[in-house]
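K.L.:
One structure, pasted below without further comment.
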Amino acid sequence: MDFVIKISQFLLSLSLLIILHELGHFIPAKLFKTRVEKFYLFFDVKFSLFKKKIGDTVYGIGWLPLGGYVKISGMIDESMDTEQMAKEPQPWEFRSKPAWQRLIIMLGGVTVNFLLAIVIYIGISFFYGDTFLPVENINDGLLVQSSVANKAGLHTGDKIIAVDGEKIEKFSDISEKVLFGHEIEIERDGTPSTVTMPVDFLSQLMDAKEKGFISLRQPFVVVQVQDSSANYSSGLKKGDIIVGMNDQATKYADQVIASLETLKGQEIAATIKREDQEISLPLKVSSEGKLGVVLGASTPKTLEALGYYKFDVKDYGFFESIPVGVTKAKDKVVSYWDQLGAIFSPSTGAYKGVGGFKAIYDIFPSTWSWEYFWSITAFLSIMLGVLNLLPIPALDGGHVMFLLYEMISGRKPGDKFMEYAQMVGFFLLIALVLFANGNDIYKALFE
C-alpha cells in the first residue's frame, strides 16, 4: 500500500509538472501562429499509449515516463527532423519568427515552472499557514548524530546561530544551511565560537553512510517494552519518559543513551515521567548498555505539550500569503542554485548525492498529505525550471543562449551548427540522466 501511495503521488506530480511546462511553450507558440505538431506527456518511443489529432497538433501520452515534449515546426530539437529543416522555411515555422518571439516561446516553460511554484507556495501559506520552531526557542542546543559533523567540530548541545554570516531564524533551515555552508557560528555552553567546515564535508558525509545528521533533541519516550527484555515486568509502560537515572537528570534521549554506556550490567533507579507524575522504577541495564525498549519520536505538538520546545504558528489571509509565497519561492530558487554550484564543484563531493527518478520518488511520504504533496511539487517545479535554464543545447537554456547571441550579434547560427550542438547537448543530457539514475542503482545495491 505504501508503494501505491508513493508512486501515485510521484506520477501525479510529474505529470502535472510536465504538462504545465510544455503548455508554457505551447501557448506562446500558438499566440505567435507557430505550428505545434505534437504535444506529449511522456515519450512515445516507437509507440503511444494514446494519441489524437486536433487541428495541426497530435496530443498523446507516451509509455516512457522520463519527461514530455512539444514538437514545434521548423525548430531543431531532440527529434532531429533534418528533413523538415532542409525545406524552404514556411511562415508558420519557428525559424521564420522574429528572435524575440522565439525567445518568449523558449522561456515559456521555465516561466510556468517558477510561476507555478509561487502559486503553490501562496496556496500552502493561505490554507495551512506556517508552523515552525524559532532557533531562539531551542534552549539546550541540537542533536548532532553524525560522526563526520563531530569531527568537523559540531557536537550535541551546540546552538547554531548563523551560517556564512547569515543568521538562522528557523530550525527547519539549519540542516541545509550547514550542509552547504563554510563558517558555522555556534554557541556552546554559553560561549560563542566559529566552526569551519571542510571543503569536502558533503563527500565525507556521504562516504560515512550515516543516517542521522542534525536534528532536535527529543525525550526518551518508551513505545514498547520488548518481551525478551529484563525490564518486561519492571512496571515500565508505553508512553513513559525516562527523565533521570541514579539521581542524574536525563532530559533528553541522547543523555539517557550516553548514561547507559557507563552503567552496563547494573541495576539503576530510573525516574519516570508518567502523565503528570514522576515515579521511580528499578531497571536493569544489559551488558550492551540497553534497556530492551523501543523508542518513539515525538510530534511537534507533543514536544510542545511536554514543555521541550515552543513552536510558532502563523496564519495568513489571502493577500498576506502572496508576499510570503513569493519569498518562499525565491528562497528555494537561491537554495537550489547554491546546491547546483556545490554539485558542479568536484572538490565538495556533492555530486555523489545526485539522484534520479528513484531519489525523487523517495521524497514523497508513504501517507497521502496534500500539504506535503504540493510542497514537494513546488520544489520540483523550481528544480525543473532551474535545470532547464542551464546553457546546455537540448535544454531550454541552450536555445535561449543561442537566441541571445543572435539578438546581440545580429547573426543567426547556421542550421548545421545547431544540429551538431543539439546532438552534443542531447548526449550530454543522456550522460547526466544515466549518472543520476546510476547513483540511485548503486545506492540501492550497495548502501
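K.L.:
Could you tell me how many of the residues in region 237-265 are within 37 Å of the chain's Cα centre (by Cα) and closer than 19 Å to residue 306 by Cα? Before the answer, list the steps.
P.N.:
To start, the set of residues in region 237-265 that are within 37 Å of the chain's Cα centre (by Cα) comprises 238-243, 250-261.
Now restrict to residues that are closer than 19 Å to residue 306 by Cα: 238-243, 250-256.
Looking only at that region, the number is 13.
K.L.:
Right, something else. Just checking: which of the strands (runs of 3 or more DSSP E) contained wholly in region 159-238 hold 1 or more residues that are among the aliphatic types (A, V, I, L, M) and touching a residue at least 60 places away in the same chain (Cβ under 8 Å)? Before the answer, list the steps.
P.N.:
Values: elements: 159-163, 183-188, 191-196, 220-225.
Per the criteria, 220-225.
K.L.:
Here's something else I'd like to know. Write out, first by first residue and then by second, each pair whose Cβ atoms fall under 8 Å of each other, whose residues are 6+ apart or on separate chains, and whose first residue, in region 108-127, is touching a residue at least 60 places away in the same chain (Cβ under 8 Å) while the second is acidic (Asp, Glu) and buried (at least 22 other Cβ atoms within 10 Å of the Cβ).
P.N.:
Pairs found: 109/22; 109/396; 110/396.
K.L.:
Something else: I'd like to check something: does region 177-195 contain any residue that is among the hydroxyl-bearing types (Ser, Thr, Tyr) and under 23 Å from the mean Cα position of the chain (by Cα)?
P.N.:
No, region 177-195 contains no residue that is among the hydroxyl-bearing types (Ser, Thr, Tyr) and under 23 Å from the mean Cα position of the chain (by Cα).
K.L.:
Sticking with this structure for a sec: Taking the conditions exactly as written (open to solvent by less than 40 Å² (accessible area, probe 1.4 Å), touching a residue at least 60 places away in the same chain (Cβ under 8 Å) and more than 18 Å from residue 132 (Cβ to Cβ)), does residue 317 satisfy them or not?
P.N.:
Taking the combined requirement at face value, the residue satisfies it.
K.L.:
Looking for something open to solvent by less than 40 Å² (accessible area, probe 1.4 Å) and β-branched (Val, Ile, Thr) - is there at least one such residue anywhere in region 427-439?
P.N.:
no
K.L.:
Can you tell me how many residues in region 129-173 are out of contact with any Asp or Glu (no Cβ under 9 Å at 6 or more places or on another chain) and of a type in the set (Phe, Trp, Tyr)?
P.N.:
Going through region 129-173 one residue at a time, the tally reaches 1.
K.L.:
One residue is enough: does region 106-126 have a residue meeting the conditions surrounded by 15 or more Cβ atoms within 10 Å (Cβ to Cβ) and under 22 Å from residue 416 (Cα atoms)?
P.N.:
Within region 106-126 (the criterion being surrounded by 15 or more Cβ atoms within 10 Å (Cβ to Cβ) and under 22 Å from residue 416 (Cα atoms)), the answer is yes, since at least one residue qualifies.
K.L.:
Could you list all residues from region 290-305 that are within 30 Å of residue 128 (Cβ to Cβ) and open to solvent by 50 Å² or more (accessible area, probe 1.4 Å)?
P.N.:
If the condition is that a residue be within 30 Å of residue 128 (Cβ to Cβ) and open to solvent by 50 Å² or more (accessible area, probe 1.4 Å), then 295, 297, 299, 300, 301, 302, 304, 305 are the ones that fit.
K.L.:
Restricting attention to region 389-401, which residues are open to solvent by 30 Å² or more (accessible area, probe 1.4 Å) and either in contact with a Phe, Trp or Tyr (Cβ under 8 Å, 6 or more places away or on another chain) or touching a residue at least 12 places away in the same chain (Cβ under 8 Å) (or both)?
P.N.:
Once the filter is applied, which keeps residues that are open to solvent by 30 Å² or more (accessible area, probe 1.4 Å) and either in contact with a Phe, Trp or Tyr (Cβ under 8 Å, 6 or more places away or on another chain) or touching a residue at least 12 places away in the same chain (Cβ under 8 Å) (or both), region 389-401 yields only 389.
K.L.:
Pairs please, first residue from region 18-34 and open to solvent by less than 50 Å² (accessible area, probe 1.4 Å), second anywhere and part of a helix (DSSP H, G or I) and aromatic (Phe, Trp, Tyr), Cβ atoms under 8 Å, 6+ apart in sequence or on different chains.
P.N.:
29/94; 34/94
K.L.:
Can you give me the number of residues within region 341-357 that are loosely packed, with under 15 Cβ neighbours inside 10 Å and either basic (Lys, Arg) or assigned to a helix (DSSP H, G or I) (or both)?
P.N.:
3
K.L.:
Okay, next question. Please tell me if residue 309 is assigned to a loop (DSSP other than H, G, I, E, B), closer than 28 Å to residue 218 by Cβ and more than 13 Å from the chain's Cα centre (by Cα).
P.N.:
Taking the combined requirement at face value, the residue satisfies it.
K.L.:
Can you find even one residue in region 2-9 that is open to solvent by 50 Å² or more (accessible area, probe 1.4 Å), of a type in the set (Phe, Trp, Tyr), assigned to a strand (DSSP E or B) and modelled with pLDDT under 90?
P.N.:
No, the conditions are met nowhere in region 2-9.
K.L.:
Out of 234, 203, which single residue is among the hydroxyl-bearing types (Ser, Thr, Tyr), more than 27 Å from the chain's Cα centre (by Cα) and surrounded by 13 or more Cβ atoms within 10 Å (Cβ to Cβ)?
P.N.:
Testing whether each residue is among the hydroxyl-bearing types (Ser, Thr, Tyr), more than 27 Å from the chain's Cα centre (by Cα) and surrounded by 13 or more Cβ atoms within 10 Å (Cβ to Cβ) leaves just 234.
K.L.:
Scan region 47-55 and tell me whether some residue there is part of a loop (DSSP other than H, G, I, E, B), at pLDDT 90 or above and not aliphatic (A, V, I, L, M).
P.N.:
Narrowing region 47-55 to residues part of a loop (DSSP other than H, G, I, E, B): 55.
From what is left, the residues that are at pLDDT 90 or above are 55.
Still in the list and also not aliphatic (A, V, I, L, M): 55.
Within region 47-55 (the criterion being part of a loop (DSSP other than H, G, I, E, B), at pLDDT 90 or above and not aliphatic (A, V, I, L, M)), the answer is yes, since at least one residue qualifies.
K.L.:
So which of 322, 382 is in contact (Cβ under 8 Å) with a residue 60 or more places away in the chain, part of a helix (DSSP H, G or I) and more than 15 Å from the chain's Cα centre (by Cα)?
P.N.:
Exactly one of 322, 382 is in contact (Cβ under 8 Å) with a residue 60 or more places away in the chain, part of a helix (DSSP H, G or I) and more than 15 Å from the chain's Cα centre (by Cα), namely 322.
K.L.:
Among the candidates 175, 147, single out the residue that is surrounded by fewer than 19 Cβ atoms within 10 Å (Cβ to Cβ), modelled with pLDDT under 95 and over 22 Å from residue 338 (Cβ atoms).
P.N.:
Every option except 147 fails the conditions.
K.L.:
With respect to residue 287, determine if the residue is assigned to a loop (DSSP other than H, G, I, E, B), in contact (Cβ under 8 Å) with a residue 12 or more places away in the chain and open to solvent by 80 Å² or more (accessible area, probe 1.4 Å).
P.N.:
Considered against the rule, which asks whether it is assigned to a loop (DSSP other than H, G, I, E, B), in contact (Cβ under 8 Å) with a residue 12 or more places away in the chain and open to solvent by 80 Å² or more (accessible area, probe 1.4 Å), residue 287 comes out as yes.
The values are calculated or read from the model by the stated rules, or taken from the named source; none is laboratory data. Quantities reported herein were computed from a predicted structural model and do not represent experimental measurements. Heads up, the Cβs are rebuilt from the backbone with ideal geometry, glycines too, and the neighbour counts pull from every protein chain shown. All accessible areas refer to the heavy atoms of the entire protein, side chains included, with ligands and DNA or RNA removed. Shrake-Rupley method; radii C 1.70, N 1.55, O 1.52, S 1.80 Å.
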